[in-house]
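Worksheet: one structure, shown below.
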Amino acid sequence: MENLASASSTNLDNSSPDFAILDVRNISVSFGGVRPVQDVSFKISENSFTSVIGPNGAGKTSLFNLISGMNKVSAGEIIFRQQAIQAIHPHKIAQKGLIRTFQGAKIIKRLTVAENLMMAVQGNPGDNLSGFLRIRARRDFEAQARAEAMRRLDQVGLTKFADEYAGILSGGQRKLLDLSRALMAKPSLLLLDEPFAGVNPTLVEKLIMVLGELRKEKSMTFLLIEHDLETVMNISDRVIVMADGKIIADGLPGAIYENEVVIDAYLGSRRKEIK
Amino acid sequence: MDAFVQPGFWVFVLALAGIYGIFALGLQIQYGVGGIMNFGHVGMMAVSGYTIAVLVIKYQWSFWWAAFVGVVLAALLGALLGLTTLRLSGDYFAIASIAFAEITRYWILNTDSVTGGTQGTLAIPNPLGFGGYTNQPDLILTWISDRLYPIVGDEASRDMSMIFIVWPFLFLFIWIASKLQQTSWARVLRATREDDDVPRSLGKNVFRFRLQTLVIGSVFGGIAGVFWALQFALLAPEDFLRIVTFYGWMILILAGATRVKGLIIASIFFGFLYGSTRFLEFWPLSLLSSPERAYLRVFLIGFVIILLMLKRPQGLFGKRQEMVLE
Ligand SMILES: Nc1ncnc2c1ncn2[C@@H]1O[C@H](COP(=O)(O)OP(=O)(O)O)[C@@H](O)[C@H]1O
Ligand SMILES: [Mg+2]
């Protein structure tokens, strides 16, 4: 890894375990001969906003798949709130408050937009068959979930689609739904995989504000994969750069932007685009 | 063609429709809500039917206890099927489920001491020696027949009494199923029929939801077996061939898999199709021998399934939109 991390560590070193909500220790994964993630380590401090950037195929999505438990690590440990999670089922990880979204937005097409959101709410008594006879509790919970879903939809301008099948939404709208759905789960750590790609810039700005508010008011922590560097520079207080399955740089956004290794590996052409 | 205007024919159709309606309701929950393609559903009906027959005939159990045990065993069979094969992806599960039902049938076929074996028929006897039960159920059927007699006269029959027993249950089960399908449990289940990752990433144990669904569906399959045993009183392994599962599927496809309400009409249509093949005696079908004509039923039902899949994949009552979303 490039030394940049230590260079900027004066501000960023949250290695004191009390503050690390997520601690990724030397994780790797391999599928046959492919090794999308190789010996990756980093810590995420509580209430921070970190972006992960890197060229296509760098292993960013694979990293999220490992953290969320959808794929299992071949080696290494993942500690979430002082608990090793690398070997437990993804639904258990989600129940602990670690929620992720999917690149390309996975929505349930044959549920309505509102239903997509409502299914994300945690602790629903109606999710268990044993709750079948608790009619009152179920109804109250549903009413609250619905109200919250409508608030989320209002936030992203999808209110009029609430009772339509989610399958009719456009690509950009699906992204909004996916993001809103993750928020419905009230995560303490949210992993966002390119949530803004294909969303119109005005709305992106608004969403960034929403995320900022959540960070402040609900003490949420964010890990974001994003290609648009302007967005990254705006929103993050730390940037991790990946290439070929490894972290090649890790530091403050400004420092990353000037970093030679990063420029060579990734930014080169993009920097020109922005300027 | 006279047969179709005989009330007795329609009474038989309705009795059969009620039983197969309950049977298909099990598939509806599994496939229509959970997207689980169970092609071995007949196994659940066979297990409960045979359990009842064996316990009543060989061990002189009361019908009700035998029925209870039969349904419990059907549920356990569903759980066993799920625990062993539900982790397979959809198509592979479908194949495994066929194998599972076949194993059940072969077991029945080869366990002579318990089930009657290849010679097969287990007759649940009444005091006269055939076709009935010695205890409560028969009394209930007779009681109903006696009440019907003043109204319908000689048309009062065992079949007609069966209608009055089966249909209230069918309505009750459809009501329960539709309530169940309005819960958030069913919402998660509907999500799982499209995608595992989303519900998992939101904290839902997809396997648990599927397993529960399979067991609930199997309970309905088992209950259908109870009424089957009551209706036919004669059980032979060839009653529980694979095709029976597809009778259920035909009803389901006809009804529109995602809607419970179409199930009633679809069941009656199936009952009609099933019952009427007995009467296909007119030319040129009269050239066929009677076992050959029995096969016509299978052809006919296969044909209807194919036609539906081509022309109306959403069923007669389903929403097309739900089928075409990408
Ligand atoms: N399940 C898998 N099986 C085989 N190869 C995989 C799998 N998942 C990811 N990869 C490979 O890992 C590499 C990194 O992919 P990905 O994590 O999607 O990159 P990024 O999100 O940074 O664009 C790619 O070469 C991809 O083909
Ligand atoms: Mg990716």
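Throughout, read-outs are computed from the coordinates displayed, never taken from laboratory work. Because the structure is a prediction, the values reported are computed rather than measured. Don't worry about glycine lacking a Cβ; one is built from the backbone with ideal geometry, like all the others, and counts go over all protein chains shown.
A few points about this structure:
- Relative contact order (%) - criterion: Cα under 8 Å, at least six apart; region: chain A: 28
- Across the cross-link table entries A:Lys96/A:Lys218; A:Lys109/A:Lys246; A:Lys218/A:Lys246; A:Lys186/A:Lys246, which are compared at the Cα atoms, the separations over 24 Å belong to A:Lys109/A:Lys246; A:Lys218/A:Lys246; A:Lys186/A:Lys246.
- The Cα atoms of chain A define a convex hull whose projected area, averaged across directions, is 15.6 nm².
- Across region A:109-168 the C-alpha pair distances fall into 10 Å bins from zero in the proportions 24, 47, 26, 4 percent.
- Reciprocal of mean inverse Cα separation for region A:54-134 (Kirkwood radius, Å): 15.0
- Computed [θ] at 222 nm, helices only, for chain A once each DSSP H run of length n ≥ 4 contributes -39500 (n - 2.57): -10500 deg cm²/dmol
- The distance from the alpha carbon centre of region B:188-219 to that of region A:57-131 is 15 Å, rounded to a whole number.
- Normalised size of region A:158-275, defined as Cα radius of gyration per 2.2 N^0.38 Å with N residues, equals 1.19.
- For B:Val304, B:Val42, B:Val166, A:Val121, order by how many other beta-carbon atoms lie within 10 Å, fewest first: B:Val304, A:Val121, B:Val166, B:Val42
- Here the residues A:Asp250, B:Asp146, B:Asp159, ranked from fewest to most Cβ neighbours within 10 Å of their Cβ, fall in the order B:Asp146, B:Asp159, A:Asp250.
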